[in-house]
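Colleague: Sharing a structure, written as structure tokens. Questions coming.
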Amino acid sequence: MVDLINTVNGWAWGPVTLVLLLGTGLYLSAGLKFATIRKIPAGVRLLLSGRKGEGKGDISPFSALMTSLSATIGTGNIAGVATAVALGGPGALFWMWITALVGMATKFAEAVCAVHFRERDDKGNFSGGPMYYIKNGLHKRWHWLAYAFALFGSLAGFGIANTVQSNSVSQVLHDAFSVPPLATGLVLMVLVGAVVLGGIKRISSVASLLVPMMALAYIMLSLVVILLNITAVPAAIATIVDSALTGSAAAGGFAGATVWAALRFGVARGIFSNEAGLGSAPIAHAAAKTDQPVEQGMIAMLGTFIDTLIVCTMTGLVIVIMDVLPTGISGASLTSLAFGNAFPGGEYIVTLGLCLFAFTTMIGWSFYGERCVVFLLGTRGIVPFRILWVVAIPLGTVVQLDLVWLIADTLNAFMAIPNLVALLLLGPLVFKLTRDYFNKRA
């Protein structure tokens, strides 16, 4: 069974999917004339002015981005980056940057389509995302992709955004402070349940408070390490770029990595971190109070910029600067070691950051799964889904999760494929909506 899932996972995240992810981003970037990069300052202005929102929707544009970031800024920024660099060498960080630059166009297009094709459910709340822009934007022959996305989306979250997260938190707390794993799971169940059972408005309120605070704290901590070792930064950047283009030489416990390994792990972990192309984030952006899909798209693309080009870069630079790759360890332990070597107690701050990041991932992804269930079963599925989501949390702390992680990772790839096909087909509409929006403001 494990061998079969390993084979399917290797195919699901193989060259075809990686080319589709990067290719879609490049196609959309070119079709938008790289407006997603040129319009970053305009997106920031919209974000800062979007704390209330104007138009129909359930939450403010700012809260929609924070809800999206609550799900994406997670273990991928701490453990995912470290894993990519450990397996693909420092060059993996370079390919994460490239993935993010083209991924901004993907995230922009996802949000534009999500707002343009969203619906109200029978309780009056907005629902949107890939399942709706496939159903409402494409020919009937493609509608089966909407149901496939919703099915994979409703299931994948229980792995990668629920049990895997609670397991990560229980492990780091047990290692650092000897907290019993089940105790961690039960506390998380209560905390997450208190937020999730309140629906999108409570989720967005908590996300809008926690996400800016924890992201800024982590960035500031990383900047302290970088500034204390500022003379090592030019060499670290040179190592990252050189490793991406020529591969990494072996050093100590580090086995070295090829260019292909850097590209593969950089792209795969980059997508895991910022979710551009996965189709999850537009579900949150569809709930924004706005009548301008393009404006929400400009806010949405900042999520990829913040998540990968800022937060992941901080982690990657600290790891390379502190020269911990030769130790041969990986994941969150590698990041903890890097910060611990930088200053006393650094590893405990990483532990706290991992706990907060995992918590926000759990509350953000609960909304994604819920909206997928609403698409499949209607609003009658909301309460049962929320209860199942909360009950599953402590299970993650007491079971072996290797197989769960593998299945969830595979389901994520199966989510991405229908979404990317839809974005390629809806690309011309995104280009037209964007062109019309900027022509009116010229």
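The values are calculated or read from the model by the stated rules, or taken from the named source; none is laboratory data. Note that the structure is predicted; figures quoted are calculated from it, not measured. All Cβ positions, glycine included, derive from the backbone under ideal geometry; neighbour counts span all protein chains shown. In case anyone asks, the SASA skips ligands and DNA or RNA and just uses the protein heavy atoms, side chains included. Shrake-Rupley method; radii C 1.70, N 1.55, O 1.52, S 1.80 Å.
Colleague: May I ask which residue of THR83, VAL311, LEU138 lies farthest towards the positive end of the charge dipole of the chain, with charges of +1 (Lys, Arg) and -1 (Asp, Glu) on Cβ and the Cα centre as origin?
Modeller: Farthest towards the positive pole: LEU138.
Colleague: Can you show me the helix-derived [θ] at 222 nm for the chain, built from DSSP H runs with n ≥ 4 at -39,500 (n - 2.57) apiece and divided by the number of residues, rounded to the nearest 500.
Modeller: Using -39500 (n - 2.57) per qualifying helix, the result is -24000 deg cm²/dmol.
Colleague: Where the accessible area of the chain is counted over protein heavy atoms with a 1.4 Å probe, how much of it, in %, is carbon and sulfur?
Modeller: 68
Colleague: Just the number: Rg to Rh for the range 331-442, Cα atoms, Kirkwood Rh, two decimals.
Modeller: Rg/Rh for the range 331-442 comes to 1.12.
Colleague: Something else now. Give, rounded to the nearest 20 debye, the magnitude of the charge dipole that the chain has about its Cα centre when Lys and Arg contribute +1 at Cβ and Asp and Glu contribute -1 at Cβ.
Modeller: Dipole magnitude for the chain comes out near 1580 debye.
Colleague: In the range 355-442, with Lys and Arg counted as +1 and Asp and Glu as -1 at Cβ, which of these residues, ILE407, LEU423, PHE367, has the Cα nearest the positive end of the dipole, that is, farthest along it?
Modeller: My answer, from the dipole projection, is LEU423.
Colleague: Continuing with this model, one more query. With a cut-off of at most 13 other beta carbons within 10 Å, and DSSP calling the residue loop, which trypsin sites (Lys or Arg not before Pro) in the range 121-193 qualify? Please list them.
Modeller: For trypsin sites (Lys or Arg not before Pro) across the range 121-193 that sit outside H, G, I, E and B with at most 13 neighbouring Cβ atoms in 10 Å, the list reads LYS123.
Colleague: Something else now. At what distance in angstrom do the alpha carbon centres of the range 82-108 and the range 219-246 lie from each other?
Modeller: Comparing the Cα centres of the range 82-108 and the range 219-246, I get a distance of 15 Å.
Colleague: Taking all pairs of distinct Cα atoms, average 1/r, flip it, and tell me the Kirkwood hydrodynamic radius of the range 95-248 in Å to one decimal place.
Modeller: Final number for the Kirkwood radius of the range 95-248 is 20.1 Å.
Colleague: Now, a different point. Based on alpha-carbon atoms only, what is the radius of gyration of the chain relative to the globular estimate 2.2 N^0.38 Å?
Modeller: In units of the globular-protein estimate, the chain measures up at 0.92.
Colleague: Quick one: net charge around ILE271, please, counting Lys, Arg +1 and Asp, Glu -1 for every other residue with C-beta under 14 Å from its C-beta.
Modeller: -1
Colleague: Please list log₁₀ I(q)/I(0) at q = 0.12, 0.19 Å⁻¹ for the range 344-399, using the Debye equation with identical point scatterers on the alpha-carbon positions.
Modeller: Values returned for q = 0.12, 0.19 Å⁻¹ are -0.40, -0.75.
Colleague: Express the accessible area of the chain per residue in Å², computed with a 1.4 Å probe while the remaining protein chains stay in the model.
Modeller: Averaged over the residues of the chain, the accessible area is 38 Å².
Colleague: OK, next. Along the positive direction of the dipole of the chain (beta-carbon charges: Lys, Arg +1; Asp, Glu -1; about the Cα centre), which of PRO394, GLY129, GLY328 reaches farthest?
Modeller: GLY129
Colleague: Another question about this same structure. Could you tell me the largest-minus-smallest coordinate of the C-alpha atoms of the range 210-352 on each of the three principal axes, in descending order and whole angstroms?
Modeller: Answer, in whole Å and largest first: 55, 36, 25 Å.
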